[in-house]
1. Residue by residue, what Karplus-based ³J(HN,Hα) values in Hz, rounded to whole numbers, does the range 63-73 have, using 6.51, -1.76 and 1.60 with θ = phi - 60° and x for Gly and Pro?
2. Using the Karplus curve 6.51 cos²θ - 1.76 cosθ + 1.60 with θ = phi - 60°, what ³J(HN,Hα) values do you get for each residue of the range 82-87, in whole Hz, with x for Gly and Pro?
3. Could you derive backbone 3J(HN,Hα) for the range 36-47 from the dihedral phi with the Karplus parameters 6.51, -1.76 and 1.60 (θ = phi - 60°), listing whole Hz in sequence and x where the residue is Gly or Pro?
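Computed from the coordinates by the stated procedures, all read-outs in this text should not be read as laboratory data. The model shown is predicted, which means the values in this text are computed figures rather than measured ones.
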Amino acid sequence: MAKDRKFDFAPLPIVSDINDDFEVNSSITENNSAPTKVTFDCDYILLEKMKDYGYWEGLTQKDIILEALTRYFDSAEIRPRPDKIRNKTKVGRKPKSLVG
């Protein structure tokens, strides 16, 4: 007997929203590279608040996090890391494109 599974789907964005997001994202990145996936631990209560907010506002978790980070960094003074740290060799799994 198959389990009943429920899937949630995010609403499709409006075309004008996509264009606005593209302009914001392209101005933030230094070299206009592709987005990078990020995984991190989050407090359960914050996650639930984000899900509730996203449900009622029609936003995805990604939208909420990107907006929060953008607002946070707009009001912060940010100094670039030293080149020694920035160019440090990455440790971890090889990207799938290099595995073969």
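1. 4, 5, 5, 5, 5, 4, 5, 4, 5, 4, 6
2. x, 4, 4, 7, 4, 9
3. Result, ordered by residue: 10, 6, 10, 10, 8, 7, 9, 4, 4, 5, 5, 4 Hz.
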